[in-house]
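Engineer: Handing you a structure now.
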Amino acid sequence: MPTSKHQIGWIGAGRMGYEMAARLARSGADVTVWNRTRAKAEPLAKYGAKVAAKLSELASREIVFCMVSTMDDVRQVMHGLLEKPKPAPRLVIECSSISLEGSAELREMLKKRGIEYLAAPVSGNAKVVKAGKLSFVCSGPKEAFDLARPYLNLIGVNSSYVGEGELARIVKICHNVFLGVVTQSLAEITLLAQKAGVPRHAFLEFMNQSVMGSTFSRYKTPAFVNLDFKVTFTPHLLRKDMDLGLDAARKFEVPMPLASATRDLIQAMIGRGWTEQDFATLLLQQAEASGIKLKPENVEVGDGLA
Ligand SMILES: NC(=O)c1ccc[n+]([C@@H]2O[C@H](COP(=O)([O-])OP(=O)(O)OC[C@H]3O[C@@H](n4cnc5c(N)ncnc54)[C@H](OP(=O)(O)O)[C@@H]3O)[C@@H](O)[C@H]2O)c1
C-alpha cells in the first residue's frame, strides 16, 4: 500500500473501470465506486469497495478516478460529481480515451473549482488489467502525478509521465490508431497465409515468436485462431479513437493514409451492424472480402498474459 492512504472515488465500472477498481480495492485501498448502472459496480463489494448510490457522494473523496466512454460522458459525470459547490476532491485522474481539446476543457472546468487534474489514459484491455499489465500514460502537473503514482502502480505495471497539459492524450490517440492499423494488417496477412494453405495457428505461432510479434499479437491470437469474438473493445470505441487520431492529424497537418483506410474498414463493419462483438471481427470482414469461409481451428493457443 502507498504510505499515505487517501480516500478514493471511482466513476465507471464498465469493462475497464470494473477491473481497474477491483485491483485497487483488492490491494487494500479505500475505494468508493459509482456506476450509472449500479448492478455492474455491486460485485466490487467483494473486494472491499463501497458502492455509492449517488455520484455526488464521491465529491468528498480526496482522489477521484474516472473511466467512462467519450468526452460527452466525461462532461456528464463531472457535472454530476461537482453538482454542489462543496465538497470537492483534491485530484481528478481521468483515464478514458478522449481528445486533447476535451481534456483541456476538463482541466479548465476543474481548475475553476480548485481541483488538480491528471490526464491518465491507459494501454491494455480488461484482461490485461486483470493480469496486472496495464500501463498508464500521464500528463499534467508533476505534483499531481506524484500524488497519483502509488495508486496507478497498484492498478497497473507502469505509469509514464510525458509532461504538462494534455500531452498524454495525443500519446494514447497515437497508440490506438496503431491498434486499429495493426489489427487490420494482422487480419490481412493471416488470411493471405491461410488462403495460401497455412493454418492460422501455425502462422501466428511463427509471427508471435518473430521480431514482429508483440504482446498485442499474442493476446489477439486466440480470437484469430478460434474465432472467439467476445467483446474486449467495441468497434464503436475503436472508431472513436481513429476519429480522434484523424482529427488530430488534420489539426497538425499530418497525412495518415493507413489510418484513414483503416477507419473506413471499421466504419464498414459498424455499417453492416457488426457492433456487439470485439473489434477483432475485422478478421471476419477481411475473410468475406477474400472469399474465405472462416471456421474455428479449435487449437489451444496461449494469450501470453499468464
Ligand atoms: N476496452 C478496452 O480494451 C480499452 C482499453 C483502453 C482504453 N479504453 C477506453 O476506456 C474507456 C472505457 O472503455 P470500456 O471498454 O471500459 O467501455 P464500456 O465497457 O462500454 O464501459 C463504459 C463505462 O462508462 C459508463 N458511461 C458511459 N456513458 C456514461 C454516461 N453518460 N454517464 C455515466 N456513465 C457512463 C458506463 O456506464 P454503464 O455501465 O451504466 O453503461 C460504463 O461504466 C473508453 O474511453 C475506451 O476508449 C478501452
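The values are calculated or read from the model by the stated rules, or taken from the named source; none is laboratory data. Nothing here was measured: the structure is a model prediction, and the numbers come from that model. Glycine also receives a Cβ, built like all others from the backbone with ideal geometry; neighbour counts cover every protein chain displayed. Ligands, DNA and RNA are stripped out before the accessible areas are found, and what is left, the full protein with its side chains, is counted by its heavy atoms. Shrake-Rupley method; radii C 1.70, N 1.55, O 1.52, S 1.80 Å.
Engineer: For the range 39-106, what class follows from the C-alpha gyration tensor (a ≥ b ≥ c being the square roots of its eigenvalues): rounded when a/c is under 1.5, otherwise prolate if a/b is larger than b/c, else oblate?
Structural biologist: Working: a/c = 1.98, a/b = 1.35, b/c = 1.47.
Here the range 39-106 falls in the oblate category.
Engineer: Another one. The range 12-41 to the range 254-306: how many Å between their Cα centroids?
Structural biologist: Between the Cα centre of the range 12-41 and that of the range 254-306, the gap is 30 Å.
Engineer: Around CYS138, which amide H atoms from residues at least 5 apart in sequence, or from another chain, sit under 5 Å from its own amide H, with H modelled in the peptide plane?
Structural biologist: SER160, TYR161, VAL162
Engineer: So how much accessible area does HIS79 have, in Å² to the nearest 10, using a 1.4 Å probe?
Structural biologist: 110
Engineer: Solvent-accessible area per residue for the chain at a 1.4 Å probe radius, Å²?
Structural biologist: 46
Engineer: At 1.4 Å probe size, with no ligands or nucleic acids counted, give the accessible surface of TRP274 in Å², nearest ten.
Structural biologist: 60
Engineer: What are the extents of the Cα atoms of the range 158-277 along their three principal axes, in Å, largest first?
Structural biologist: 48, 35, 27
Engineer: Give the average over all directions of the projected area of the C-alpha convex hull of the chain, one decimal, in nm².
Structural biologist: Result: 16.3 nm².
Engineer: Rounded to the nearest 10 degrees, what's the angle between the helix 257-271 long axis and the longest principal axis of the chain, both from Cα atoms, 0 to 90?
Structural biologist: 90
Engineer: What does the charge add up to near LYS172, with Lys and Arg as +1, Asp and Glu as -1, over the other residues with Cβ less than 15 Å from its Cβ?
Structural biologist: -4
Engineer: In addition: Take the alpha carbon atoms of the range 212-247, find their center, do the same for the range 81-124, and report the distance between the two centers in whole angstrom.
Structural biologist: For the range 212-247 versus the range 81-124, the Cα centre distance is 27 Å.
Engineer: Relative contact order, percent, of the chain when contacts are C-alpha pairs under 8 Å separated by at least 6 residues? Intermediate values should be presented prior to the final figure.
Structural biologist: Working: 532 pairs, mean separation 41.5, N = 306.
RCO, the chain: 14 percent.
Engineer: Tell me the accessible surface of TYR18 in square angstrom (1.4 angstrom probe, heavy atoms of protein chains only), to the nearest ten.
Structural biologist: Its accessible surface works out to 40 Å², give or take rounding.
Engineer: Which of the lysines could a cross-linker bridge to LYS240, judged by Cα under 16 Å and excluding same-chain residues fewer than eight apart?
Structural biologist: Leaving aside lysines fewer than 8 places away in the same chain, those within reach of LYS240 are LYS172.
Engineer: Which percent of the accessible heavy-atom area of the chain goes to carbon and sulfur, probe 1.4 angstrom?
Structural biologist: After summing per-atom areas, the C and S share lands at 56 percent.
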